[in-house]
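FYI, it's all coordinate maths here, none of it is from the lab. No experiment lies behind these values; they were computed from the predicted model shown. Every residue, glycine among them, receives a Cβ derived from its backbone with ideal geometry; neighbour counts consider all protein chains shown.
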Amino acid sequence: MEIDLVSLFLKSPELVFFIVLGVGYAVGNIRCGGFQVGPAAGVLLAGLCFGHFGFTGPMAFKDLGFILFIYSVGYRVGPRFFSAFKVDGLRYLVLCLVIVGSSVSTALILGERFDFRPSQRAGLLAGALTSTPTLVAAQDAVRSGLVPLPPDVNRESIAVDVAVSYAITYVFGMMGLMLLVRLLPALLRINLEEESQRYTQEHRLTSDEEEKPKYSGWSPVVRAYEISRDTVIGKSLHDLEFRERTHCVIPLIKRGSETFAPDSDTVLQVGDRISVFGFPDHHRTVAKLVGDEIAERDLLEIPVENVALTITSPRATGRRLNDLDIADRYGCIITRISRSAVDIPLNANLVLETGDTLQITGLRSRIDELAEKYGHVERDVQETDLLTFSFGIALGLFIGAISFKIANISVSVGTAGGLLFSGILVGWLRSLHPNFGRVPPAVRWIFLELGLMLLMAGIGLNAGKGLLEAIRAAGPQLLVAGAAVTTVPVLVGFLVGRFLLRMNLALLLGAITGAMTSTPALNLLSSAAKSSVPGLGYSGTYAFANIMLAIAGTILMLI
């Protein structure tokens with residue numbers, strides 16, 4: 001039996017599309033030293049290769065990916081977009097404006113120097129900053145009619161021009177930023193580890209090493225003890241500083257036949273039997289402090305669970321983590337905190353923001369009390385609120401279709417702008433009303449990641465035919481310009497952040513990677529700093545950058 005793969009691929013564009021996704025993911029997962037291309041770049045490269053040989057895919061898939069990706073970006077940054085102004089928001093906003101403004105200016109100046117078309121300038125900016133929202137917004141501005149074109153010009157060819165310029169500059173954009181965040185500290189003799197430690201000391205935060213649990217396993221364990229030491233009898237948990245001294249919590253106390261949940265004011269009495277929750281290595285301290293370990297079934301077989309609590313209440317927003325007294329008051333352990341999907345330092349003096357996610361382990365009943373007061377726990381949620389999801393996308397498409405006449409010029413935010421706005425709105429409303437617009441974390445990841453992959457595959461297949469011709473015509477100039485557009489914003493942002501905004505250098509470099517929406521660069525930076533302090537800077541600029549870079553893509557097409 002013979003199978004003509006070329007004929008099969010030509011007859012089955014759907015087959016080609018999913019082969020591109022699979023091959024792209026495989027390429028993206030390849031590691032060379034510490035470098036990894038990543039799924040988005042891998043799928044784009046695979047699409048370009050298949051597209052170069054004349055294979056196509058159903059463009060409806062790309063359009064669906066565009067809708068899912070842009071809406072999901074807005075939905076993800078929505079919970080933090082408005083609250084980001086409250087904590088150092090102005091400083092991060094200024095830094096983001098400087099970086100985006102300098103990158104747009106550089107793209108315009110070099111575009112003029114090399115006589116690039118507006119479509120090439122937009123693709124140049126998107127690729128040099130590895131910013132998919134910039135690419136999507138620029139292409140949407142063309143396809144939606146927001147950009148006026150002569151009647152004989154094919155809009156699809158202009159959109160392809162954007163994609164080709166993006167593809168040429170993308171790889172250096174990704175590698176160049178990673179190289180810059182590694183070389184800049186070395187050239188300027190900046191010790192990132194010392195800078196991170198200085199920041200934690202200045203803000204009364206404990207270092208990552210102090211906060212990192214010294215335990216042999218991943219999960220906390222429950223053990224039981226009987227109170228017998230004179231040093232603890234008659235003292236409250238607050239006075240004992242039980243949590244600070246042992247790094248453990250007491251979810252239950254059994255006094256005679258009565259079992260109850262303690263709080264920080266509970267006084268320990270002789271003969272009390274306590275259930276203690278903590279990491280294995282920390283239990284040695286508990287035994288020395290309170291008394292011998294015992295085997296009491298009622299105290300050992302307790303319904304402990306590990307959940308993600310999302311901060312939504314004003315009673316938690318803007319307060320220090322230590323002020324919530326979660327360990328002593330609720331008997332729960334916080335094992336991780338993330339902001340904008342990035343882990344940040346787990347510190348008692350960390351100021352919480354709306355949308356922060358706390359990974360918490362404790363009794364189910366106590367977690368419910370905690371969630372009722374401070375936020376929302378998505379526990380075993382499988383269903384997505386498709387009603388809100390569908391109407392949210394419909395709202396975004398409707399907003400994008402609206403145009404206004406100003407001096408005989410049609411003005412519109414475009415489909416990308418409309419979807420971003422509706423996504424931000426729904427995400428923000430969900431942070432205020434947790435039962436509204438429910439999308440479980442795994443589903444959110446699928447919508448965002450699958451949407452991006454479908455979009456990248458479609459862009460690659462569509463742009464593949466013109467790639468070699470574009471490289472021959474303007475490839476070297478685009479590569480040089482791309483390197484400049486990647487480098488200049490980093491240097492300008494560093495100078496402004498260091499000398500005008502007076503930012504800590506580890507925090508500043510993290511904020512720069514956030515303004516350029518580069519998670520790989522952040523991971524490299526955090527590894528070099530041996531700290532998650534750069535993640536605080538990243539999360540500070542990330543929400544602003546997603547919106548600004550999308551707007552920048554549209555502006556470059558209109559200038």
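Tabulated values for the structure
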quantity: Test item: Cα-centred dipole of the chain, Lys/Arg +1 and Asp/Glu -1 on Cβ, debye; calculated: 1160 debye
quantity: Which of Val142, Gly375, Leu455, positive extreme of dipole for the chain (C-beta unit charges); calculated: Val142
quantity: Ratio of the Cα radius of gyration of the stretch 1-151 to 2.2 N^0.38 Å, where N counts its residues; calculated: 1.31
quantity: Set of the stretch 263-306 residues, backbone N closer than 12 Å to the point 7 Å along the Cα-Cβ line of Ser236; calculated: 263-268
quantity: Neighbour-count order for Phe242, Phe17, fewest beta carbons within 10 angstrom listed first; calculated: Phe17, Phe242
quantity: Extent along principal axes [Cα atoms of the stretch 100-166; Å; largest to smallest]; calculated: 33, 24, 19
quantity: Dipole of the chain, positive direction: furthest Cα of Phe18, Cys96, Pro262, with charges on the beta-carbon; calculated: Cys96
quantity: With eigenvalues of the C-alpha gyration tensor scaled by 5 and rooted, the stretch 285-409, Å; calculated: 43, 19, 11
quantity: Estimated distance in nm for a label pair at Leu10 and Ala308, the labels positioned 7 Å out from Cα along Cα-to-Cβ; calculated: 4.7 nm
quantity: Which of Met59, Leu179, Val304, positive extreme of dipole for the chain (C-beta unit charges); calculated: Leu179
quantity: Span-rule helices in the chain, defined as complete DSSP H runs reaching 24 Å or more along the axis (Cα) with Kyte mean at least -1.0; calculated: 59-81, 89-113, 155-187, 414-432, 441-463, 467-495, 533-558
quantity: Residues in the stretch 450-474 that a label on Leu397 would reach, taking backbone N under 20 Å of a point 7 Å out along Cα→Cβ; calculated: 450-456, 458-459
quantity: Spherically averaged projected area in nm², based on the convex hull that wraps the Cα atoms of the stretch 456-559; calculated: 8.6 nm²
quantity: Stokes-Einstein D (µm²/s) once Rh is taken as the Kirkwood radius of the stretch 264-309 over alpha-carbon pairs, at 25 °C in 0.890 mPa s; calculated: 194 µm²/s
quantity: Footprinting exposure proxy for Ile344, Ile459 (fewest neighbouring C-beta atoms within 10 Å first); calculated: Ile344, Ile459
quantity: Radius, Kirkwood style, for the stretch 1-73 when every pair of distinct Cα atoms is counted (Å); calculated: 13.4 Å
